[in-house]
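Read-outs throughout are calculated quantities, based only on the coordinates presented, and are distinct from any laboratory measurement. The structure displayed is predicted, hence computed values, not measured ones. Cβ placement follows ideal geometry from the backbone for every residue including glycine, while neighbour counts extend to all protein chains displayed.
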Amino acid sequence: MQPKSNIVHLPVYEPGKPMEEVKRELGLTEVTKLASNENPFGCSPKAKEAIVHELQHTSLYPDGASVELAAAVANHLGVNTDQLIFGAGSDEVILMIARAFFVSGDETIMATHTFPQYKHNAEIEGAVSVEIPLKEGKHDLPGMLERITERTKVIWICNPNNPTGTIVTLEELESFMKEVPERVLVVLDEAYCEYITDSEYPDGLAFLSRYPNILLLRTFSKIYGLASLRIGYGVGHPKVIRYINQVREPFNTTRFAQAGAKAAIEDQSFIQFCREENAKGLQFLQSEFQRLGLDAYPAYGNFVMVNTGRDAEKVFNSLLSKGIIVRGGHKLNFPASIRVTIGSQEQNEKFINALEVSLAELTIEV
Ligand SMILES: *Cc1c(COP(=O)(O)O)cnc(C)c1O
């Protein structure tokens, strides 16, 4: 058989370990998963009600255009519905962008190390990824500008960056956007924006009216707590949205996802609660890391990348044996770091207690 030559070398995505598997393998009854930046408080009770209500329609196709959800999101963001595109997670919006924009030989610019789906989907379409190393964990925007050529189609900016958690500031984004030619699409991935209240953090929405070549990515998987439903969206100029719509599968998001997401975005008091709890958790983790003498990147979303000063795989395994699942930096090119999701206070305390024991068990080597 003859698959595309540009896909044969691609790895199959390796997710964090499922909780059930960890419990079985290690004979643990209780496991705390802080590996995938999921919401420890679940989702709004109103979203659950909406999903249950939708069960009576399981035999019906969903509304391909997500009209009701689009109206609710447009209303919440203050944009028009023709500025929105929905996908099975923002992962699928990334896929659709790649599908709509790249032909073989095109160039696309992104950071190393950042969210892997940009490069992955670009490669599938035969585009060449131009990777600009992070500087102290942050996007090097001037470095990215320098690498724009006639063949550049898309630039990806992950804000805050996954896995480091650092942000591009309002000022940095302003000076960057002024220099990017209008023929180049800038994708600003704001998967964690609802967590952030820092005044230096730019709200991508404020850029939309001035820059038709900017597309925001947002998701219901993180603060909205609906990762299992697979629903995310893009916000941009109607022309860009139309291009992406042209490659969209007819029924790419489910009735359950649309109904759950609509109820979720209409319940902002739940989101406010999650944002406040997360801020408390972040403060707790930062002060505990300081007490333990560990350096962490400045964090803004619901996860922190912390340098353990030890082999990341060993720290990962040691934590795992104590029933704590984090994301090991050895899988992300940060050999001494772990990325941990901010959990509930109880989860955060369990993590810190386990980490303290793990650190004492392992020798400092990196
Ligand atoms: C989690 C995440 C996403 C998307 O997740 P979906 O579940 O596909 O919506 C996108 N970008 C970043 C940076 C993420 O961390």
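Our summary gives the stretch 16-153 a relative contact order of 16 percent, counting only alpha carbon pairs under 8 angstrom and 6 or more residues apart.
Dipole magnitude for the stretch 160-245: computed about the Cα centre from +1 point charges on Lys and Arg Cβ and -1 point charges on Asp and Glu Cβ, it is near 580 debye. A Förster radius of 22 Å combined with the Cβ-Cβ distance from GLU276 to GLU346 puts the calculated FRET efficiency at roughly 0.85.
Residues of the stretch 238-270 falling in the label zone of ASN6, defined by backbone nitrogen less than 19 Å from a point 7 Å along Cα to beta-carbon, are 244, 247-248.
Using Cα-Cα distances under 8 Å and only pairs 6 or more residues apart, what relative contact order does the stretch 45-267 have, in percent? List each step's numbers first, then the result.
Numbers: 407 pairs, mean separation 67.4, N = 223.
Once divided by the residue count of the stretch 45-267, the mean separation gives 30 percent.
Listed values for the stretch 151-157 are Karplus-derived 3J(HN,Hα) couplings in whole Hz (6.51 cos²θ - 1.76 cosθ + 1.60, θ = phi - 60°), namely 8, 5, 10, 9, 10, 9, 10, and x replaces Gly and Pro. Once both labels are positioned 7 Å from their Cα atoms along Cα-to-Cβ, the gap between GLU20 and ALA65 label points is 4.0 nm.
Rounded to the nearest 20 debye, the dipole size of the chain about its Cα centre is 580 debye, using +1 on the Cβ of Lys and Arg and -1 on the Cβ of Asp and Glu.
Of the residues GLN117, SER66, PRO163, the one whose Cα sits farthest toward the positive end of the charge dipole of the stretch 45-267, with +1 on the Cβ of Lys and Arg and -1 on the Cβ of Asp and Glu, is SER66.
Counting Lys and Arg as +1 and Asp and Glu as -1 over every other residue whose Cβ lies under 11 Å from the Cβ of GLU200, the net charge comes to -3. Summarising the amide proton neighbourhood of ASP295: residues at separation of 5 or more, or on other chains, whose placed amide H is nearer than 5 Å comprise ASN307.
Here's the picture: a label point sits 7 Å out from the Cα of GLU131 along the beta-carbon direction, and within the stretch 286-329 the residues with their amide nitrogen under 16 Å of it are 329. With a cut-off of 11 Å between beta carbons, the residues surrounding ALA299 carry a summed charge of 0, where Lys and Arg count +1 and Asp and Glu -1. Charge tally around ARG248: other residues with Cβ under 12 Å, Lys/Arg +1 each, Asp/Glu -1 each, net 0.
The order of the peptides 110-119, 334-343 by mean Cβ neighbours within 10 Å, most packed first, is 334-343, 110-119.
Using +1 on the beta carbon of Lys and Arg, -1 on that of Asp and Glu, and nothing else charged, what's the dipole of the stretch 1-118 about the Cα centre, debye to 20?
Values: 8 positive and 15 negative charges, 39 e Å.
Charge dipole of the stretch 1-118: 180 debye, to the nearest 20.
For THR219, the amide hydrogen comes within under 5 Å of the amide hydrogens of TYR233, counting only partners 5 or more places away or on other chains and with H modelled in the peptide plane. Calculated FRET efficiency, GLU150 to ASP295, Cβ-Cβ distance, R0 = 45 Å: about 0.65 to the nearest 0.05. For the stretch 330-336, putting each phi into the Karplus relation 6.51 cos²θ - 1.76 cosθ + 1.60 with θ = phi - 60° gives couplings of 4, 8, 10, 6, 10, x, 10 Hz, in residue order, rounded to whole numbers and with x for Gly and Pro.
One Cα centroid belongs to the stretch 66-111, the other to the stretch 200-267; the line between them spans 6 Å. Amide H contacts of VAL186 (H built 1.01 Å from N, in plane; Pro and chain starts excluded): ILE155, ILE214, LEU215 sit under 5 Å, all sequence-distant by 5 or more or on other chains.
Could you tell me which of rounded, prolate or oblate describes the stretch 45-267, using a ≥ b ≥ c as the square roots of the eigenvalues of the alpha-carbon gyration tensor, with rounded for a/c under 1.5 and, failing that, prolate when a/b is larger than b/c and oblate otherwise? Provide the component values of the computation, followed by the final result.
Numbers: a/c = 1.92, a/b = 1.55, b/c = 1.24.
Prolate shape, in that a/c is at least 1.5 and a/b is the bigger ratio.
Please say if the stretch 4-77 is rounded, prolate or oblate, where rounded means a/c under 1.5 for a ≥ b ≥ c the square roots of the C-alpha gyration tensor eigenvalues, and otherwise the choice is prolate for a/b larger than b/c and oblate otherwise? Here the stretch 4-77 falls in the oblate category. The alpha-carbon of LYS314 sits under 30 angstrom from the alpha-carbons of these lysines, leaving out residues fewer than 8 places away in its chain: LYS17, LYS23, LYS33, LYS119, LYS135, LYS138, LYS222, LYS280, LYS322, LYS331, LYS350. Restricting to bridges with both residues inside the chain, how much of the DSSP beta-bridge set is antiparallel, in percent to the nearest 5? That works out to approximately 45 percent antiparallel.
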